[in-house]
1. Looking at the range 215-222, can you tell me whether even one residue there is in contact (Cβ under 8 Å) with a residue 40 or more places away in the chain and of a type in the set (D, E, K, R)?
2. Taking the options Ser29, Ser112, name whichever one is away from the ligand (no atom under 15 Å from the Cβ), crowded, with 24+ Cβ neighbours inside 10 Å, touching a residue at least 12 places away in the same chain (Cβ under 8 Å) and not basic (Lys, Arg).
3. Residues of the range 183-206 being closer than 13 Å to Phe8 by Cα and within 15 Å of the ligand (Cβ to nearest atom), which ones?
4. If you scan the range 226-245, which residues turn out to be more than 17 Å from the chain's Cα centre (by Cα) and surrounded by fewer than 20 Cβ atoms within 10 Å (Cβ to Cβ)?
5. Which of (1) within 16 Å of the ligand (Cβ to nearest atom); (2) closer than 21 Å to Val204 by Cα; (3) within 13 Å of the chain's Cα centre (by Cα) does Asp15 not meet, given it meets every other one?
6. Quick one: which of Val139, Val165 is more than 27 Å from Pro5 (Cβ to Cβ), buried (at least 23 other Cβ atoms within 10 Å of the Cβ), in the same structural domain as Val204 (by TED's automatic domain parsing) and hydrophobic (A, V, I, L, M, F, W, C)?
7. For the subset of the range 106-160 comprising residues that are outside any helix (DSSP H, G or I) and of a type in the set (Gly, Ala, Ser), which member is farthest from Arg33 (Cα to Cα)?
8. Would you tally the residues in the range 171-225 being open to solvent by less than 50 Å² (accessible area, probe 1.4 Å), modelled with pLDDT under 95 and not in a loop (DSSP other than H, G, I, E, B)?
Amino acid sequence: MTYAPHRFCVAPMIDWTDRYCRFVHRQLSKHARLYTEMIVDEAILRGDRSHLLDFDTEEHPLALQLGGSDSTKMAAAAKIGAEWGYDEINMNIGCPSDRVQSGRFGACLMTSPDLVADCLKAMQDAVDIPVTAKCRIGVDDQEPAEILPRFIDRLAEAGVTVFIVHARKAWLDGLSPKENRTVPPLDYLLVEEVARARPHLTFVLNGGIEDLDQAASHLETFDGVMLGRAAYERPFILSRIDTRFFDSPCEAPDRLTVIKAVAAKAAVMDVPIWKFARHMLGLFHGEAGARDWRRRISEEGRDRGATPDWFIRLGTEITARSRAAA
Ligand SMILES: Cc1cc2nc3c(=O)[nH]c(=O)nc-3n(C[C@H](O)[C@H](O)[C@H](O)COP(=O)(O)O)c2cc1C
């Protein structure tokens, strides 16, 4: 059976889903679709492209998320992303932070569907890979039930077929970005209604999905799910995705295998193990030894003695402890 490419996605998260984090996630699941952090179009046009865009071939399938609202710049940035080898370009229409608002990126664009549609159209014209949208259900005093269907239809008119919807509003005035991920209530039902009325479009549900049982139940309604914090904070849940959601015959990887693969990668890339380890604090979540794992990475992981071998020794010790307690 072939599955929709967006069946299980790990959300774009600034400071979190860098290439090192994505490498870790990819060791845990071969099929989950991974997203970069949001990168602003200007940064790609003027900045250090290698630093911003380089990734490991193992990371596929991989989407580049762009922030911006100038169709010419967004198209140019998308073209560079496609040439760099990404599998999808995603436009951020959901990020509420101040910095982002000031440049007219992210969630504030929910009020400008024509501008967003122009950007997405220009991006699609510039590349041969899918161009997708990640949005909220509305901002501030917008009425989601009214604006979301219109917003989606306007973007669909511009040719977009894949919509990732973070199923809550963003309050641009008064809430911090963090509060904007918890305070506005989730409205899965509205996204479901919008999706059901548009069976020709692909809808990926995002926001507040805590575990794989919840993901499975949403997959009865939606084409895909996207998990952010749950996947980052408890990455080992990703190890069950391939067998559970993609019928993969491969055994789920164990933690020590992942730790060894990461250590080998850090050695080959000649980068500090910390770059990877900081994204693995939650690897033993719920297991005996989890607290020591976190503490020792936090306390020793940045030292010069924190070599790949040190990481494997620590992983071996904590794995033994968690197995003994099981
Ligand atoms: C640390 C952090 C950084 C984030 N950065 C981005 C981003 O760059 N682009 C984006 O579209 N959403 C960003 N988000 C929002 C997530 O992609 C996601 O929509 C949100 O966390 C809700 O999903 P969840 O409840 O599964 O975490 C970020 C979230 C977190 C926690």
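1. no
2. Ser29
3. Within the range 183-206, the subset closer than 13 Å to Phe8 by Cα is 202-206.
Of everything in the range 183-206, those that are closer than 13 Å to Phe8 by Cα and within 15 Å of the ligand (Cβ to nearest atom) turn out to be Phe203, Val204, Leu205, Asn206.
4. Within the range 226-245, Arg240, Thr243, Arg244 qualify.
5. Evaluating Asp15 over (1) within 16 Å of the ligand (Cβ to nearest atom); (2) closer than 21 Å to Val204 by Cα; (3) within 13 Å of the chain's Cα centre (by Cα) leaves (2) as the failure.
6. Val139
7. Kept after step one, since they are outside any helix (DSSP H, G or I), are these residues of the range 106-160: 112, 127-143, 158-160.
From what's left, of a type in the set (Gly, Ala, Ser): 112, 133, 138, 158-159.
On the way: Ser112: 28, Ala133: 15, Gly138: 25, Ala158: 24, Gly159: 21 Å.
Filtering first and then ranking leaves Ser112.
8. Total meeting the criteria: 1.
The values are calculated or read from the model by the stated rules, or taken from the named source; none is laboratory data. Please read all numbers here as calculations on a predicted model, not as lab measurements. We place every Cβ from the backbone using ideal geometry, glycine too, and count neighbours over all the protein chains shown. For the accessible areas, the whole protein counts, side chains as well, though only heavy atoms, and no ligand, DNA or RNA atoms are used. Shrake-Rupley method; radii C 1.70, N 1.55, O 1.52, S 1.80 Å.
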